[in-house]
Amino acid sequence: MTMPPPEPPEPQQPPEGPPPPEPQPAPPPGAPDGAAPLPPEERIRLAYLRRNETDYIFDFWTALGWTLLTCGIYALYIVYQLVRRSRDHNARRLEQLDAANALAWDRANAQGLADELRPSFERTAAHLDVLRRQTTEFRDPTIWLVIAIFASTIVEIILGVLLDQDLVTHDHAEGGAESELAYAYGRLGTPIATPDPAQLHRPYEYVGRVIATLLTCGIYWLWWMYNLMVDGNAHFAKDWAWEDSLAQAVQTGGAA
């Protein structure tokens, strides 16, 4: 007697559980890995508040007076501050512009403009990568101060070149990011100032300056130092005006 074939097992129902999460919008192109610990609006606000801390404003005649009164010792403090403010300003602006990019991306997703503005966000990310690479360069002010104690003239010449090159690179990358963000925020209905390309910093003529410094036994460095101070001060003033317009756009968009 043949046995009937076994009945196939009943299909098991999957265990009940929470529904799958809804898909979230992709991060802005070029965003660093990992979620930001603070919302973009707060990051922008904190970077805005730190500008008096990072963006040191020099008064050349005061600095020159103290240098003469201290027989040159104060010049070491000038070297320290020139390097420190360049490094700290770049880090602060990178944080602020990165947060502004993230906020614009969030608003673009909310308004259905993410695909249209994606090329602008990608270009912004490329500019921010330049600023991010600058944070890895050898610009520790304490170490440069120690080196300057033992080789002041050589260090002054080297820093005169490096700091000006840093400003050129920083200014062009920063201006590019600001231009792209100005376009994006304008499309999002919260316009911000568009930077003027004519105000971008141009490099010095380094060979002539080095020769003049050596031929004058370092006296020409005073003029070079004046340029470094004034150019940095002017750059900060330009940035502060743009940051004011960004702060207004953040508040306007948040109230909408």
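The values are calculated or read from the model by the stated rules, or taken from the named source; none is laboratory data. All figures in this text were calculated on a predicted structure; none of them were measured in a lab. Because the Cβ atoms are built from the backbone with ideal geometry, glycine has one as well, and the counts that use them run over all protein chains shown. Each accessible area value is taken on the protein alone, full model and side chains, heavy atoms only, with ligands, DNA and RNA left out. Shrake-Rupley method; radii C 1.70, N 1.55, O 1.52, S 1.80 Å.
Considering the stretch 203-256 alone, what residues qualify as being of a type in the set (A, V, I, L, M), open to solvent by less than 30 Å² (accessible area, probe 1.4 Å) and closer than 22 Å to Ala75 by Cα?
Within the stretch 203-256, Ala212, Met225, Leu228, Met229 meet the criteria.
Restricting attention to the stretch 135-177, report how many residues are farther than 28 Å from Ala212 by Cβ and in a helix (DSSP H, G or I).
Adding up the residues that qualify gives 6.
Across the stretch 42-73, what is the number of residues that are closer than 25 Å to Phe236 by Cβ and open to solvent by 80 Å² or more (accessible area, probe 1.4 Å)?
From the stretch 42-73, those closer than 25 Å to Phe236 by Cβ are 42-67; that's our starting set.
Add one more test, that the residue is open to solvent by 80 Å² or more (accessible area, probe 1.4 Å), and what stays is 45, 49-50, 52-53, 57, 59, 61, 66.
So the count comes out to 9.
Can you pull out every residue in the stretch 200-222 that is assigned to a helix (DSSP H, G or I) and over 24 Å from Glu137 (Cβ atoms)? First the steps, then the outcome.
So in the stretch 200-222, the residues assigned to a helix (DSSP H, G or I) come out as 206-215, 220-222.
Answer for the stretch 200-222, where residues must be assigned to a helix (DSSP H, G or I) and over 24 Å from Glu137 (Cβ atoms): Gly208, Ile211, Ala212, Leu214, Leu215, Tyr220, Leu222.
Would you point out which residue out of Leu82, Leu76, Leu69, Leu49 is at pLDDT below 95 and out of contact with any Pro (no Cβ under 7 Å at 6 or more places or on another chain)? I'd like the intermediate steps shown before the answer.
On the way: Leu82 fails: at pLDDT below 95; Leu69 fails: at pLDDT below 95; Leu49 fails: at pLDDT below 95.
The conditions single out Leu76.
Kindly evaluate Glu180 against the criterion of being open to solvent by 30 Å² or more (accessible area, probe 1.4 Å), closer than 20 Å to Arg107 by Cα and in a helix (DSSP H, G or I). I'd like the intermediate steps shown before the answer.
Numbers: open to solvent by 30 Å² or more (accessible area, probe 1.4 Å): yes; closer than 20 Å to Arg107 by Cα: yes; in a helix (DSSP H, G or I): yes.
Criteria met by Glu180.
Scan the stretch 92-112 and give yes if some residue there is open to solvent by 10 Å² or more (accessible area, probe 1.4 Å) and outside any helix (DSSP H, G or I), otherwise no.
Of the residues in the stretch 92-112, the ones open to solvent by 10 Å² or more (accessible area, probe 1.4 Å) are 94-95, 98, 102, 106-107, 109-112.
Adding the requirement that they be outside any helix (DSSP H, G or I) leaves 111-112.
So far as the stretch 92-112 goes, yes, one or more of its residues are open to solvent by 10 Å² or more (accessible area, probe 1.4 Å) and outside any helix (DSSP H, G or I).
Kindly check whether there is at least one residue in the stretch 226-233 that is more than 22 Å from Arg85 (Cβ to Cβ), in a helix (DSSP H, G or I) and in contact (Cβ under 8 Å) with a residue 60 or more places away in the chain. Outline the logic, then answer.
Going through the stretch 226-233, the residues more than 22 Å from Arg85 (Cβ to Cβ) turn out to be none.
So far as the stretch 226-233 goes, no, none of its residues is more than 22 Å from Arg85 (Cβ to Cβ), in a helix (DSSP H, G or I) and in contact (Cβ under 8 Å) with a residue 60 or more places away in the chain.
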